[in-house]
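Q: Quick one: the structure is below, questions incoming.
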Amino acid sequence: MTQLLVAQKPASHLVFVEGNTVVTDSITIANVFDKRHADVLRSIQNLECSIEFAQRNFALSEYKDGSGKRNKKYLIRQDGLVFLVTGFTGSKAAEFKEQFINEFNRMEEQLKKQQSDFPSSREQFIATMKLALTHEEDLSQIKTEVQQIKVDLNERMTVDYSQQISIKNAVSRRVYKVWEDGIVNRNIHDTKRKVFSALWRDIYASFAVNSYHNVRQKDFDEVIDYIKAWRPRLV
């Protein structure tokens, strides 16, 4: 009965867009394949894949249940989905796998179409160079302008999806590390949620951003080092 109801859901209930990337999540997979969410989480944690593959395709996140309690879940890219559900069996398993893959492909095509309607920063960069050359401006001036454009692009370019996942995973590891090692004043941070909030707040303040999505690529390594060394205030 559960499988039949889920199979009739609109496509948007299978995949969605997160950070300009098409993903699904562990809750959706549990519902579609009629499995306990805890079992799906365990399967993800026990996957025999490389750390790099896991970081690219599985992002630790959280959700609120009916009682308002926060629980963890995973955001999953298409390659991660295929890797995870390869061993799933059952009368409807193959059908659901195909539905998921089709929806990933459809949503990614839709994203590409939307993005093609607007020139990217790199395309603007190329267009600027061509325009400058056609006007036969002084070569030294052209080089100066092109170099400035490169500098501006590097300053504005933000982290990509895999780097966003690396930041989130680094934050999760650090919070659990300081909590388990007792490097936390429980009078100030009496829950892990408060420690998460404190770390995110310090990151945003230190790197002048309002979201980890807006961290500049040139600052990525520094952000990771900052997270690894971070300690919550004790007073």
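Q: Under the condition of being small (Gly, Ala, Ser) and modelled with pLDDT of 90 or more, which residue from the range 51-66 is farthest from the chain's Cα centre (by Cα)?
A: Ala54
Q: Consider Phe104 carefully, then state whether it is modelled with pLDDT under 85, surrounded by 15 or more Cβ atoms within 10 Å (Cβ to Cβ) and of a type outside the set (S, T, N, Q).
A: yes
Q: If you don't mind, there's one more thing I want to ask. Could you identify the single residue in Leu75, Leu41, Leu14 that is under 16 Å from Glu103 (Cα atoms) and modelled with pLDDT of 90 or more?
A: Details: Leu41 fails: under 16 Å from Glu103 (Cα atoms); Leu14 fails: modelled with pLDDT of 90 or more.
Selected residue: Leu75, the only one of Leu75, Leu41, Leu14 that is under 16 Å from Glu103 (Cα atoms) and modelled with pLDDT of 90 or more.
The values are calculated or read from the model by the stated rules, or taken from the named source; none is laboratory data. Computed from a predicted model, the values in this text were never measured in an experiment. Here the Cβ is made from the backbone with ideal geometry for all residues, glycine too, and neighbour counts use every protein chain on show.
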